[in-house]
Every structure is written in C-alpha cells, then in structure tokens.
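Please read the structure below before turning to the comments.
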Amino acid sequence: MVVAMQCAQVGGPEMLQPVEVTLTAPGPNQIRLRHTAIGLNYIDVYHRSGLYPLPLPATPGMEAAGVVEAVGASVTGLKPGDRVAYGRGPVGAYAQARVIAAQECVLLPDAVSDQIAASAMLKGLTTWYLLHETFPVAKGDTLLVHAAAGGVGQLLVQWAKQLGARVIATAGSAAKADIARQCGADAVILYRQEDVAARVRSLTDGRGVDVVYDAVGQSTFTGSLDSLKPKGMMVSYGQASGPIPPMELSELGKRGSLYLTRPSLMDYMRDEATYQKAARVLLAKLADGSLRVAAPTPYPLTEAAAAHTALEARQTTGSVILLP
C-alpha cells in the first residue's frame, strides 16, 4: 500500500485527502516508480477545482522524479535503481509511488537533483514549446512575460535572453521584481502599481512587443492585447487570476490584426520524439547551469492542500514541490 492524495469530488484545496492505494506489478512497457519529489503546477489546481475535469476520484499531479523499483516486460533503457523524471503526465503524481509507462520517463543526469527535476520538468517543457514552437523567438524580438518571478516565468526570462530577445517582465512586488531582474529581464513593470500597456509603449517607443506570454489570465488579458505591436501574438497559457471573459474576434482586428493562441503542453508534447528532445535539451541546460532554478519550496505530500492554498493566493515564488 502507498499513500496518495485524492479528490473524491471537485472543489477547494480541502478536497485533497490522503488515501491508501494498492499498486499492481508493472506490466509490459511499464515501470514501478518510487517518487522522491513531486512537482506542483497550476494545472493541478484546475484538475482539483474541476475547471479541467477528471474522472473521480482523482489523484492530481503531472510531474515527478524518483527511483525505478521494478520494470515490466519489454522495458529497455531503464533498470531498477535508475533516477528518472517525467513531465507531461499522465495525472497521478501525488502519490508515494506509481506504475507508469516507461516511455514517459527520462534518465536524470548526475548534476540534476531529484528536487530540481521535479520542480522543472513540466515548467521547462512548457518554456521550450512556448519559445521554440508557439512563437519561435529570434534574436532582436521583444517579449512581455507576465508573472516573471513564477516557475515558468523565471525560465522564460532566462531562456529568451539566451535566444537574443529583449525581455520586459511584470511582477507583483519589489521582491519579485528583483527575482525577474536576476533572471535577466531588461525591464520590470510592477503591474499592481503601473499601467502595463502604457509602460510597455514607453519602453518600446510606442511600437509594442512582438509577443506576450500571459499565464495570469483575467486581470492581465486586455492589457496584454494593448501591449502588442500590429500582427503581434498573444500567448495565453494560463489563468491564475480567473478565466478570461468572452471577447469579440473583431477586437483582434481593431488592435492591429493580432494573433491569439491558447496552447496546451499535451498538444505540443504529444509526439514522443518531440517530448524526448525537449526533455533532453532542458535537462542539459539544468545540468550545465545555463538555466538556473532556485531551490523549490517543499511541502509534505500530505499537506498538498496547504501548498495549493499558497499557490492560488500567489504567495509563492519559483517552484513548489511535494515530498512523499
């Protein structure tokens, strides 16, 4: 028996309750994985709240790191004792151990700890597709990155700077603004104190930015659109402040023939070769230090509800992990 955090029904953080579950032996092409660290992401909140419905009872969690305990028939490339991580699901990571398809897991370099891997896999894969596929960032592009002190935000700023982009960031406090600057942001806007779109126009000589990466949602959406240059792209990849209200498509035309997209990690990582490639690039950057990830904030697995509460209240910076 292992402990897992499950939701019998959707709702607030208190829906997350510990239960004991029995694991089967790994079948063909599967492994049994003992988790050592579990990543916490906003998609877990969406699953728990019912915004993204799951069959109930549900065990949230899309990423984790751990040690292979057993392998099923036909598994090659992995053996008991190997350190691995995964970052595109399937859901069910909020558990001491699980049985999972071997193809979901990637070997960890010695230089990348389990806690860093668990905190960075899903966020790093998200960063990879946002910068390389959703809007292929090139040298000289100007970006607006919301929530730049968050887990994805910090990676976006660092990686975009390596691609030669100019990065304008937003943050909710002076302390979070300092984090964004340490990651390489060229300018930081305190969005609670300043008109974001007006400041962006000032910083870009009235031109606007090429692309906005917005995981905040409702409270930043209009300002994000107003920060874009003509034919710029709005990438809405989250809604931490609430769902975006309906809008007329004509608004995109009025603002300069803008592009608007709502990307999903599952769509961009659906192809096995793409997933493995992105994971290898990410882990190599973490191993050589070209991407820096601050030590994540840990919570015991059984205190997942408290971790969700802190995340939703935007009291966290960087990443949060659960420790079994």
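What follows is calculated from the coordinates using simple rules that are stated; it is not laboratory data. A quick note: this is a predicted structure, and the numbers were derived from the prediction, not measured. FYI the Cβ positions are ideal-geometry reconstructions off the backbone, even for glycines, and counts take in every protein chain you see.
Can you bin the stretch 139-262 into rounded, prolate or oblate? Criterion: square roots of the alpha carbon gyration tensor eigenvalues sorted a ≥ b ≥ c, rounded for a/c under 1.5, prolate for a/b above b/c, oblate for the rest. Cα axes put the stretch 139-262 in the prolate bin.
Taking 0.36 nm per residue of separation and subtracting the Cα-Cα distance, full extension of the segment from Thr261 to Tyr46 would add 75.5 nm.
Excluding residues on the same chain fewer than 8 positions from Lys139, give the aspartates and glutamates whose Cα lies under 20 Å from its Cα. The reachable aspartates and glutamates, counting only those whose Cα sits under 20 Å from Lys139, are Asp186, Asp205, Asp210. Counting only lysines at least 8 places from Lys254 when in the same chain, those with an alpha carbon closer than 23 Å to its own are Lys229, Lys231. Here's the list of lysines a cross-link from Lys79 could span, going by alpha-carbon distance under 29 Å and ignoring same-chain residues fewer than 8 apart: Lys123, Lys277, Lys285. Placing +1 on the Cβ of each Lys and Arg and -1 on the Cβ of each Asp and Glu in the chain, which of His146, Ser49, Pro324 has its Cα farthest towards the positive end of the resulting dipole? So the residue furthest toward the plus end is His146. Under a model in which nothing but the beta-carbon of Lys, Arg (+1) and Asp, Glu (-1) is charged, the stretch 179-223 shows a dipole of about 100 debye around its Cα centre.
Note on Gln9 and Val281: the model spin-label points, each 7 Å out from Cα along the C-beta direction, lie 4.5 nm apart.
Separation of the stretch 287-320 and the stretch 105-156, taken as the distance between their Cα centroids, equals 15 angstrom.
Among the chymotrypsin sites (Phe, Trp or Tyr not before Pro) in the stretch 114-212, none sits in a DSSP loop with a Cβ that has at most 10 other Cβ atoms within 10 Å. Net charge of the neighbourhood of Gln276, taken over other residues with C-beta under 13 Å away and scored Lys/Arg +1, Asp/Glu -1, is +1.
Spin-label pair Thr22-Ala111: with each label point 7 Å from Cα along the Cα-Cβ axis, the two points sit 4.6 nm from one another. Oblate is the label for the stretch 236-324. Its Cα gyration tensor axes, ordered a ≥ b ≥ c, give a/c of at least 1.5 and b/c at or above a/b. Sites counted here are trypsin sites (Lys or Arg not before Pro) in a DSSP loop (not H, G, I, E or B) having no more than 11 other Cβ atoms within 10 Å; the longest part of the chain that contains none of them is 1-138.
Residues whose amide H comes within less than 5 Å of that of Ala64, counting only those at least five positions distant or on another chain, are Gly39, Tyr86 (H built at 1.01 Å from N in the peptide plane).
Taking other residues whose beta carbon is less than 15 angstrom from the beta carbon of Asp288, and scoring Lys, Arg as +1 and Asp, Glu as -1, yields +2. For the stretch 229-301, the set of GluC sites (Glu not before Pro) satisfying both a DSSP loop assignment and a count of at most 10 other C-beta atoms within 10 Å is given as Glu248.
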